[in-house]
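This is the structure I want to talk about, given as structure tokens.
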Amino acid sequence: MEELAITTEVTQYIKIRIQDEYFGIDIKYVDNIVRMQHITRVPMAPSYIKGVINLRGEVIPVFSLRLKMGLEEIEENKSFRIIILKYEGESVGIIVDEVREVANVASNDVEKVYHNNTDSIQNFLSGVGKTENGLISLLDIVEVLNDKAI
């Protein structure tokens, strides 16, 4: 009798820190991680949009994930990074407090998060993943990049 092979899909996430919380960004969306650099402000943009950067000849809009989540702005420091995401052929930069590591999360180690139709950080999450170093909240990049702010 043949044994059924149970396969568990493992997804890699870039583990980032915003305030005191850890979040994961699916690595398939991550194009680049760069140090903070001069950001040219865009007039009349929402407050969470910091402006644009020129990265190797490409003009990329950049926003603060912290502000998009409705958290208070803090003074920029040397651990801040801009993560360049690619989604539907477009590039967008998000500012995070810190990039930590790459975390492997098995599909059976993810608990889904249900959206409650209120304006909260919970609406930016697709689930919570268990890793060898603890739990991380997994960001739903489609929701994060959605134009509406909290």
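Can you pull the one-decimal nm distance between simple spin-label points at Asn133 and Ile33, each 7 Å off the Cα toward Cβ?
Output for this residue pair reads 0.9 nm.
Rounded to the nearest 500, what is the 222 nm mean residue ellipticity of the chain from helices alone, with -39500 (n - 2.57) per DSSP H run of 4+ residues and division by all residues?
Roughly -1000 deg cm²/dmol at 222 nm, from the helical runs in the chain.
What does the charge count around Arg17 come to, taking other residues whose C-beta lies under 14 Å from its C-beta (Lys +1, Arg +1, Asp -1, Glu -1)?
That sum, taken over residues with Cβ under 14 Å, equals 0.
Right, next: How large is Rg over Rh for the chain, taking Rg from the Cα atoms and Rh as the Kirkwood inverse mean of 1/r across Cα pairs?
1.01
Right, next: Taking a ≥ b ≥ c as the square roots of the Cα gyration tensor eigenvalues, with a/c under 1.5 meaning rounded and otherwise prolate when a/b beats b/c, else oblate, which class fits the range 1-76?
Verdict is prolate for the range 1-76.
Would you please name the GluC sites (Glu not before Pro) within the range 51-150 that are DSSP coil residues with at most 14 other C-beta atoms within 10 Å of their C-beta?
Details: sites: Glu58, Glu72, Glu73, Glu75, Glu76, Glu88, Glu90, Glu98, Glu101, Glu111, Glu132, Glu143; in loops: Glu72, Glu73, Glu75, Glu76, Glu88, Glu132.
Answer by residue number: Glu72, Glu73, Glu75, Glu76, Glu88, Glu132.
Pick from Arg66, Arg35, Arg100: which is most flexible by mean-square fluctuation in a GNM of the chain where alpha carbon atoms under 10 Å apart are linked?
Judging by the Gaussian network model, the answer is Arg35.
Could you pull out which residues in the range 82-107 have an amide N less than 18 Å from a spot 7 Å beyond the Cα of Glu72, following the Cα-Cβ vector?
Residues passing the 18 Å test: 97.
Could I ask something else about it? Work from the charge dipole of the range 10-144 (Cβ charges, +1 for Lys and Arg, -1 for Asp and Glu, about the Cα centre) and give the residue of Val59, Gly127, Met69 farthest towards its positive end.
Val59
Multiply the residue separation of Ser47 and Val102 by 0.36 nm, subtract the distance between their alpha-carbon atoms, and state the gained length in nm to one decimal.
Working: separation 55, 0.36 × 55 = 19.80 nm, distance 2.98 nm.
My answer for the length gained is 16.8 nm.
Where a number appears in this text, it was derived from the coordinates with a stated rule and is not lab data. Quick caveat: nothing in here was measured; it's all calculated off a predicted structure. A quick note on method: Cβ atoms are made from the backbone with ideal geometry, for glycine too, and the neighbour counts reach across all protein chains shown.
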